[in-house]
Amino acid sequence: MWLTDLKIVLPDRVMERGAVNIEDGRIAEIVEGDMRGRGLSAIGLTLVPGVIDLHGDMLERDIEPRPNALFPVDMSLYELDKRLAGAGITTAFAAVAFAWHQKDLRTQKKATEIIRVINQKRDQLMVDFRVHARFEIVNPETASILEGLLVEKLVDLVSLMDHTPGQGQYSNVERYIEFMVKWLGIPRDLLENNAKEQMAERMQEVAETPRNWEIAAEVCRIAREYQIPLASHDDDKPGKVDQMHSLGVTISEFPVTLEAANYARQQGMHIIMGAPNAYRGESNTGNLSAMEAIRAGVVDILATDYYPASMLQTAFKLARDGIMPLYKSMKLVAENPAAAVGLDDRGRIAVGLNADLVLVEEAPDHPRIRAVLRNGHPVYWDAHMARLSQLTTQVQA
């Protein structure tokens, strides 16, 4: 199948007019110039590689959109699959967290159920869904849980979390209170009247107490044994980055300070920041601005975090605002995520790679996704593409 008359975003430049031939689910040819009369003429559209998201929290929220309002995992997965495909995401690592607070959704049993359903339904989905398992380092059951999942080949990426108040993104007592109100449903008055002073004292104590890294070390050893990429979450200081790096962690997710991000970059680690943070220009929790980090040159990957549409929108916004050319901003959402987790068959528009492709109609404000292909097969195709197909057929008849 030929797609012609396109602007094509290649790894090192933007081809203003060209064509791509797809055969057996892969990119077979890329030709520069006018190929009118062959295949589907997609004039006016821009072709970019399919987006690869390494950290999306949406599935857990779709399963439980309101506290204690649970929906079936498979139904939630099918619905999220449609949303991701429509947002240009062709590979998605669903983040599944194990017991970092007492909500039912993140118990061992529920998290394992979610992971099993993802793996059972993968062949029925439009997007290539994978599992990003997130483990709290203070949970003594972490290592045994992980090993069981890896034996069954159910996990594709592992990250270490530490949500203990007093460090990371909760080093500030006000920020931690805000988190407990929003996500745990604890009344603000109760926290501020009865617990604020005690929390501040406890947080100071945590900040001054050396961390026990035995659980984290065992988790990393197991992940390395099974050749699973490792990430750390909410790094806040160079010392924390050093500790993670020494355990074999290669990805720093959402560092909360520029100092930590800079240091992780110096260690050769990949740096992930949230695309919603970058698009809005600020963190919704008051931590490091992703845009500030991008301008400082320390970010090489963006992730959906909680809002799928932000990925491609941010890539185009970075180009529109003159921060970097489009072929470089697309690396943040496609080529670099693929490289970070060893997916060498996707992430770029290049001969021989999977035909995971997105056709975008550019606009002065918000570009619109018109079609998405995964392995050369349309998984999203709107009315604009239907009209182009009909017009092409009439012209060639």
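No lab work stands behind these numbers, since they all come straight from the coordinates. All values reported here derive from a predicted model rather than from experimental measurement. Glycine gets a Cβ as well: all are built from the backbone with ideal geometry, and neighbour counts include every protein chain shown.
Structure notes:
- Across the stretch 235-390, Cα-Cα pairs more than 27 Å apart make up 29 percent of the total.
- Selection from His233, Cys220, Ile349, by position along the positive dipole direction of the stretch 218-366 (Cβ): Ile349
- Gain upon complete extension [Gln267, His377; 0.36 nm per residue less C-alpha separation]: 35.7 nm
- Counting 0.36 nm for each residue step from Asn139 to Thr393 and taking away their Cα separation leaves a gain of 85.4 nm.
- This model, with +1 at the C-beta of Lys and Arg and -1 at the C-beta of Asp and Glu, gives the stretch 229-359 a dipole about its Cα centre of some 360 debye.
- Dipole of the stretch 36-92, positive end: most advanced residue of Thr46, Gly88, Leu70 [Cβ charges, Cα centre]: Thr46
- Placing a label point 7 Å from the Cα of Arg61 along the Cα-to-Cβ direction, the residues of the stretch 303-320 whose backbone N falls under 14 Å of that point are 303-311.
- Phi-based couplings in Hz for the stretch 246-254 (Karplus 6.51, -1.76, 1.60; Gly and Pro marked x): 5, 8, x, 6, 10, 10, 9, 8, 6
- Taken one residue at a time, the phi angles of the stretch 51-65 give Karplus couplings (6.51, -1.76, 1.60, θ = phi - 60°) of 6, 10, 10, 8, 8, x, 8, 5, 4, 4, 6, 6, 5, 10, x Hz. Gly and Pro are set to x.
- Placing a label point 7 Å from the Cα of Glu361 along the Cα-to-Cβ direction, the residues of the stretch 24-47 whose backbone N falls under 16 Å from that point are 41-47.
- Pairwise FRET efficiency - Ala217 versus Lys82, Cβ, R0 = 30 Å, nearest 0.05: 0.15
- Unsatisfied cross-links (Cα-Cα over 29 Å) in the set Lys82/Lys109; Lys110/Lys237; Lys82/Lys317; Lys7/Lys317; Lys7/Lys82; Lys82/Lys153: Lys110/Lys237
- Stretchable slack from Val151 to Asp24, in nm (0.36 nm times residue separation minus alpha-carbon distance): 42.5 nm
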